[in-house]
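Trainee: Please find one structure pasted underneath; my questions will follow.
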Amino acid sequence: MAIASVFEVVVPGSIWVTERPIWFSGVRMRTRTTVVRLSGDALWVHSPCTPTDDVCAALDALGEVRWIVVPNRWHHLQAPATAARYPDAHVVGPVSAQSRNPHVSLTMGTDDPAYVQSTPELIPVQPRGVPFLDETVFFHPFSGSLIAADLLISACARDHWSWRIAARIWGRYGKIRTPPDVRMYTRASTAVAESIAQIRALPLQRILVAHADPITDRPVQQLAEAWNFAIPSHPGQ
Ligand SMILES: [Fe+2]
């Protein structure tokens with residue numbers, strides 16, 4: 001199985017993605033797995049998809065799967081199967097994902113010094129004040145890429161009609177916004193505002209998220225607009 005039939009190149013030699021359909025709350029969305037090649041041909045697999053023979057053959061052609069990343073408390077579904085397929089890989093993610101899915105067996109958290117020191121190519125940032133997601137996002141300085149799962153979302157003409165309709169209703173069609181449930185369960189706070197400001201300060205060239213095409217047009221501005229709701233009206237809110 002050729003790599004190109006499974007993975008799409010985002011940054012030549014460094015970052016690949018593959019997407020698949022997923023049904024969520026009655027709509028069919030696209031969800032993406034992002035793979036980063038680290039030094040020594042180690043692979044870092046973010047929000048893994050089902051480890052089919054085709055997927056694994058493509059991964060094996062890219063390098064050695066060393067890290068399986070559960071980016072937040074929701075994107076854990078295929079982590080156990082991927083870990084079973086690659087038993088020498090480390091599974092990193094939040095305890096909240098393990099609480100939701102007892103089949104997830106975490107090696108360590110993304111704030112563990114052993115993890116951070118082993119993956120210097122990726123800078124983890126944990127946005128505070130968004131416990132609904134409990135997400136860690138990752139900055140890849142070499143390419144200016146921010147890798148996230150549910151930090152942002154958008155629908156476009158490539159999406160299934162069910163999500164296109166829902167996205168229009170939710171104001172997410174052709175617009176980069178937070179997922180509707182994230183918006184619903186996140187309150188404005190200084191903690192969120194400071195976290196988004198921290199991410200905005202990064203030299204972003206693109207933002208890769210699970211449920212939208214790569215965001216390359218004004219990524220910093222679009223991130224800021226999407227999270228504008230989280231800036232408290234009064235300091236300390
Ligand atoms: Fe998601």
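The values are calculated or read from the model by the stated rules, or taken from the named source; none is laboratory data. What you see is a predicted model, and the numbers here were worked out from it, not measured in a lab. Methodologically, a virtual Cβ is constructed for each residue, glycine included, from the backbone with ideal geometry; neighbour enumeration extends over all protein chains shown.
Trainee: Picking from Ala157, Ala226, Ala166, which residue would you name as being within 16 Å of the ligand (Cβ to nearest atom), under 30 Å from Ser14 (Cβ atoms) and more than 15 Å from the chain's Cα centre (by Cα)?
Mentor: Matching residue, one of Ala157, Ala226, Ala166: Ala226.
Trainee: Taking only pairs six or more apart or across chains, which ones have beta-carbon atoms under 8 Å, a first residue in the range 83-110 that is touching a residue at least 24 places away in the same chain (Cβ under 8 Å) and farther than 24 Å from Pro131 by Cβ, and a second residue that is among the polar types (S, T, N, Q) and not in a helix (DSSP H, G or I)?
Mentor: Partner pairs satisfying both residue conditions: His90/Thr107.
Trainee: While we're looking at this one, here's another question. Mind listing just one residue for me: the one in the range 63-106 that is of a type in the set (Val, Ile, Thr) and touching a strand residue (DSSP E or B) at 6+ places or on another chain (Cβ under 9 Å) and, of those, nearest to the ligand (Cβ to nearest atom)?
Mentor: Result: Val70.
Trainee: Which of (1) surrounded by 19 or more Cβ atoms within 10 Å (Cβ to Cβ); (2) in a helix (DSSP H, G or I) is the odd one out, the single condition Ile169 does not satisfy?
Mentor: Of everything listed in (1) surrounded by 19 or more Cβ atoms within 10 Å (Cβ to Cβ); (2) in a helix (DSSP H, G or I), Ile169 misses just condition (1).
Trainee: Just a yes or no: is a residue in the range 108-120 at negative phi, within 16 Å of the ligand (Cβ to nearest atom) and not hydroxyl-bearing (Ser, Thr, Tyr)?
Mentor: Checking the range 108-120: not a single residue is at negative phi, within 16 Å of the ligand (Cβ to nearest atom) and not hydroxyl-bearing (Ser, Thr, Tyr).
Trainee: Kindly indicate the residue of the range 1-41 that is loosely packed, with under 13 Cβ neighbours inside 10 Å and in a helix (DSSP H, G or I) and also modelled with the lowest pLDDT among those meeting that condition.
Mentor: Filtering first and then ranking leaves Ala4.
Trainee: Answer yes or no: is there a residue in the range 202-219 that is of a type in the set (Ser, Thr, Tyr) and not in a loop (DSSP other than H, G, I, E, B).
Mentor: No, the range 202-219 contains no residue that is of a type in the set (Ser, Thr, Tyr) and not in a loop (DSSP other than H, G, I, E, B).
Trainee: OK, next. Look through Leu204, Leu208, Leu152, Leu146 and report the one residue that is within 16 Å of the ligand (Cβ to nearest atom), touching a helix residue (DSSP H, G or I) at 6+ places or on another chain (Cβ under 6 Å), at pLDDT 95 or above and closer than 29 Å to His90 by Cβ.
Mentor: It is Leu152.
Trainee: What pairs can you find where one residue is in the range 11-29 and more than 13 Å from Trp161 (Cα to Cα), the other is within 14 Å of the ligand (Cβ to nearest atom) and in a loop (DSSP other than H, G, I, E, B), and their Cβ atoms are less than 7 Å apart, with a gap of 6+ or different chains?
Mentor: Pairs found: Thr18/Cys49; Arg20/Cys49.
Trainee: Within the range 42-59, how many residues are over 25 Å from Pro124 (Cα atoms) and part of a strand (DSSP E or B)?
Mentor: Matching residues across the range 42-59 total 0.
Trainee: Which residues, taken from the range 169-201, are within 16 Å of the ligand (Cβ to nearest atom) and under 25 Å from His140 (Cβ atoms)?
Mentor: Selection gives Ile176, Arg177, Thr178, Pro179, Val182.
Trainee: Which of the residues spanning the range 35-50 are away from the ligand (no atom under 13 Å from the Cβ) and among the polar types (S, T, N, Q)?
Mentor: Once the filter is applied, which keeps residues that are away from the ligand (no atom under 13 Å from the Cβ) and among the polar types (S, T, N, Q), the range 35-50 yields Ser39, Thr50.
Trainee: Report the residue count in the range 12-28 for those that are more than 30 Å from Ser143 (Cα to Cα) and either touching a helix residue (DSSP H, G or I) at 6+ places or on another chain (Cβ under 6 Å) or of a type in the set (Asp, Glu) (or both).
Mentor: Number of matching residues: 2.
Trainee: List the number of the failed condition for Ser162; all other conditions in (1) touching a residue at least 60 places away in the same chain (Cβ under 8 Å); (2) under 17 Å from Pro71 (Cβ atoms) hold.
Mentor: Of (1) touching a residue at least 60 places away in the same chain (Cβ under 8 Å); (2) under 17 Å from Pro71 (Cβ atoms), only one is false for Ser162: (2).
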